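Participant: Quick one: structure below, then a few questions.
Just so it is clear, none of the values below were taken in a lab; they were calculated from the coordinates. Note that this is a predicted model, so its numbers are computed, not measured. Glycine also receives a Cβ, built like all others from the backbone with ideal geometry; neighbour counts cover every protein chain displayed.
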Number of protein chains: 2
Amino acid sequence: MTLNFGKRKNVYEIEEGKILQPKFDEKGLIPVITSEDSSGLILMHGYMNKEALSLSIETGLAHYWSRSRNLIWKKGESSGLYQKIVDMKIDDDQDCLWISVNVSGNGASCHVGYKSCFYRKIVFKKKESDINLEFIEKEKTFDPDVVYPNAPNPTKI
Amino acid sequence: MTLNFGKRKNVYEIEEGKILQPKFDEKGLIPVITSEDSSGLILMHGYMNKEALSLSIETGLAHYWSRSRNLIWKKGESSGLYQKIVDMKIDDDQDCLWISVNVSGNGASCHVGYKSCFYRKIVFKKKESDINLEFIEKEKTFDPDVVYPNAPNPTKI
C-alpha cells in the first residue's frame, strides 16, 4: 500500500514541523543515504519512490527504486543481504532521506562485492593528471558472480 | 578552471579502475553526501556540477551547485561556516560523491540553524496517521536570521 504523505504547504511547516512531507522530484524519486547502524559507515546512495518509501516504512526493510531496472527493489532479494531499518531521518527541506540499517548475512551492500559502495577515495595532488582513485577496501566481501549469477550489471556507462 | 574528468568507457573500468570518471546526470549534477570528519555524522546532501567539483578539488573547500539559486555555492560564503574537505570518496558506478569535512566556526551546516540537516527522525507506529517527525537536535546551533540576514530561504515547497 502506498502511504499518503503530508501535502507540502509552507516552508515553516516543512522545516520546523513534525509532519512527514517528503519531496519527490520530477521523476517521483527522493534520494536516500544508507549507513550501517553499528559503525555509521555510509554503505550506499539510492532512490525511493512513494511506493518504496511506503514499503520501507511498513516492513522495516529497505526498498528502493531501481533506476537501471525500473522497478521496486527490495534490497537483499537476490543476495540475501537485507537491510533492516533501525532509524530513518529526513533533512531540512524534506527532499532527502538518511536510513541507518543492519545488513543481514555478511553485512555487505555493494553489488560489486565490497561492503560499502564507497570503496574508493579520490586522491588529488598538484596536477590535474595526478587525480586518482585509491581502494580503501582491499578485498571484496563477496564474489558478485556467485551472489548474483546471470544478473545484468546495474552500472550504466 | 574546470577539470577534465575521465571519459566513461566501460563498466569494469568505472567500477574497478583507478581513474575518476564521475557521472553527471542530465542536469549536469552529481549528488554529494557530506559528513563531519571527526564524528561521521551526516551533515547534508547536496549536488555538484563539473565546475563545483573542480573547485572543491582545487581549493579543498566544498563547493556545491545551488539548485534553488542556480549558481556555484561556496559553502560558508555567507555564514563563515566553511567546509574543509578531509577526504573525498566516490561510489561503485561513480555517480555519487561522499566528502568528509571539518566545518569552521560553530561546526553547523544546516541553513535552518541546526548542526546537521538531518535533525528530525521519522517515527512510525502501527497506523499511517501515526507517522511523525521527532526532533533529534533539541536546540539550534545558530540563529539563521542573524547569520543569513535578508537571504531568501532556499527551501522550496
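Participant: Put a label point 7 Å from Cα along the Cβ direction on residue A:7, then list its distances to the equivalent points in the other copies in nm, shortest first.
Facilitator: Its label point is 5.1 nm from the equivalent points in the other copies.
Participant: Here is a further query. Answer rounded, prolate or oblate for the range A:15-102, using the Cα gyration tensor with square roots of eigenvalues a ≥ b ≥ c: rounded when a/c is under 1.5, else prolate when a/b is larger than b/c, else oblate. Please list the in-between numbers first.
Facilitator: Details: a/c = 1.77, a/b = 1.18, b/c = 1.50.
It comes out oblate by the Cα gyration axes.
Participant: Let me know the mean shielding of B:70-78 by other chains, meaning the per-residue number of their Cβ atoms within 10 Å of its Cβ.
Facilitator: Going residue by residue through B:70-78 and averaging, the value is 0.
Participant: Okay, next question. How large is ³J(HN,Hα), in whole Hz, for each residue of the range A:68-75 in order, when computed from phi with the Karplus curve 6.51 cos²θ - 1.76 cosθ + 1.60 and θ = phi - 60°, using x for Gly and Pro?
Facilitator: 7, 9, 6, 7, 5, 10, 7, 4
Participant: I'd like the distance between the alpha-carbon centres of the range A:108-157 and the range B:111-126, rounded to an integer number of Å.
Facilitator: A separation of 31 Å, based on Cα centres.
Participant: How large is log10 of I(q)/I(0) for the range A:26-157 at q = 0.13, 0.15 Å⁻¹ when the intensity is taken from the Debye formula with one equal scatterer per alpha-carbon?
Facilitator: Summing over Cα pairs of the range A:26-157 leads to -0.59, -0.77.
Participant: To the nearest 20 Debye, how big is the dipole of chain A about its Cα centre, given +1 on the beta carbon of each Lys and Arg and -1 on that of each Asp and Glu?
Facilitator: 320
Participant: Enumerate the amide H contacts of residue A:136 below 5 Å, restricted to partners 5 or more residues apart or on another chain; note that Pro and chain-start residues carry no placed amide H.
Facilitator: So residue A:136 has HN proximity to A:120, A:121.
Participant: What do you get for Rg/Rh over the range A:115-157 if you use C-alpha atoms and the Kirkwood form of Rh?
Facilitator: We get a ratio of 1.12 for the range A:115-157.
Participant: I've got another one for you. Nearest-to-axis residue of chain A, judged by Cβ, for the A-to-B rotation, with distance in whole Å?
Facilitator: Measuring from each Cβ to the axis, the minimum is at A:40, 2.
Participant: Would you please calculate the Kirkwood hydrodynamic radius of the protein assembly as shown over all C-alpha pairs and express it in Å, rounded to one decimal?
Facilitator: Numbers: mean 1/r = 0.0499 Å⁻¹.
Across the protein assembly as shown, the inverse of the average 1/r is 20.0 Å.
Participant: Compare the Cα positions of A:119, A:42, A:30 along the charge dipole of the protein assembly as shown (+1 at Cβ of Lys, Arg; -1 at Cβ of Asp, Glu; about the Cα centre) and return the one farthest towards the positive end.
Facilitator: In the protein assembly as shown, that residue is A:30.
Participant: Another question about this same structure. Using only helices, what value at 222 nm comes out for the protein assembly as shown when you add -39,500 (n - 2.57) per DSSP H run of length 4 or more and divide by the total residues, to the nearest 500 deg cm²/dmol?
Facilitator: -3000 deg cm²/dmol
Participant: Further, regarding this structure: Report the local net charge at residue A:103: Lys and Arg +1, Asp and Glu -1, summed over other residues whose C-beta lies under 11 Å from its C-beta.
Facilitator: Values: positive: A:75, A:84, A:115; negative: A:36, A:37.
With Lys, Arg at +1 and Asp, Glu at -1, the neighbours total +1.
Participant: Report the gain in length on full extension from residue A:27 to residue A:1: 0.36 nm times residue separation, minus Cα-Cα distance, nm rounded to one decimal. Don't skip to the end; give the middle numbers.
Facilitator: On the way: separation 26, 0.36 × 26 = 9.36 nm, distance 1.96 nm.
Separation in residues times 0.36 nm, less the Cα-Cα distance, equals 7.4 nm.
Participant: Work from the charge dipole of chain A (Cβ charges, +1 for Lys and Arg, -1 for Asp and Glu, about the Cα centre) and give the residue of A:146, A:2, A:60 farthest towards its positive end.
Facilitator: Ranked along the dipole, the leading option is A:146.
Participant: Return the sequence-ordered ³J(HN,Hα) values of the range B:53-62 in whole Hz as given by the Karplus equation 6.51 cos²θ - 1.76 cosθ + 1.60 applied to θ = phi - 60°, using x for Gly and Pro.
Facilitator: Values, residue by residue: 5, 4, 5, 5, 5, 6, 9, x, 10, 5 Hz.
Participant: Same structure, new question: Counting only residues 5 or more places away or on other chains, whose amide H sits under 5 Å from the amide H of residue B:95 once H atoms are built in the peptide plane?
Facilitator: Under 5 Å from the amide H of residue B:95: B:23.
Participant: Also, quick follow-up: 7 Å from Cα along Cα→Cβ at both residue A:58 and residue A:86: what's the point-to-point distance in nm?
Facilitator: In this crude spin-label approximation the distance works out to 2.6 nm.
Participant: Shielding of A:111-118 by partners, i.e. mean partner chain Cβ atoms within 10 Å per residue?
Facilitator: Across the residues of A:111-118, the mean count of other-chain Cβ atoms within 10 Å is 5.
Participant: Work out, step by step, the length gained on full extension between residue A:9 and residue A:136: first 0.36 nm times the residue separation, then minus their alpha carbon distance; give nm to one decimal.
Facilitator: 41.3 nm
Participant: Also: So the label point sits 7 Å from Cα along the Cα-to-Cβ vector; using that for residue A:26, what distances do you get to the other copies, in nanometres, sorted shortest first?
Facilitator: Those label-point separations list as 0.7 nm.
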